[in-house]
1. Packing-wise, with mean Cβ within 10 Å as the measure, how do 77-90, 40-53 rank, highest first?
2. Which distance in Å, rounded to a whole number, links the C-alpha centroids of the range 31-48 and the range 49-96?
3. Using the alpha-carbon atoms, what tilt in degrees (0 to 90, nearest 10) does helix 46-59 show relative to the longest principal axis of the chain?
4. Helix 20-29 versus the longest principal axis of the chain: what angle, 0 to 90°, nearest 10, using Cα atoms?
5. Over 24 Å apart: what share of the alpha carbon pairs of the chain falls there, rounded to a whole percent?
6. Going by alpha carbons, how many degrees (0 to 90, nearest 10) lie between the helix axis of 62-71 and the longest principal axis of the chain?
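Since every read-out is calculated from the coordinates, none of them should be taken as a lab result. Note that the structure is predicted; figures quoted are calculated from it, not measured. For neighbour counting, all protein chains shown are included, and Cβ atoms are generated from backbone atoms with ideal geometry for every residue, glycine included.
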Amino acid sequence: MTFEEFQAALSNAAPPDASPLLVALWHDARGDWDRAHSIAQDIDDADAALVHAYLHRKEGDLGNASYWYRRAHNPVATDSLKAEWTRIVTGFLSHS
């Protein structure tokens, strides 16, 4: 799936056939932060920690976000939330 296809899937009623973390980011982009968070917190790896960090940064809980960025072995993001979302989705799509 390309990034453009993933973006187009945001207008669908159901998430695309993709990895759970991409599905989490799909839910987030559609305004369902809680569902996205639920998916991310149920996975215990660095990729999930990165999604978790992004979600807490979006929520405004920077202390919690910093913890998850450390778990993801990533620096705290300072670019826009949209740019970070795009970077994460693009990265996941490139290795899926």
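1. 40-53, 77-90
2. 11 Å
3. Between helix and principal axis, roughly 80 degrees.
4. 90 degrees
5. Distances greater than 24 Å cover 12 percent of the Cα pairs.
6. Helix 62-71 sits roughly 80 degrees off the main axis of the chain.
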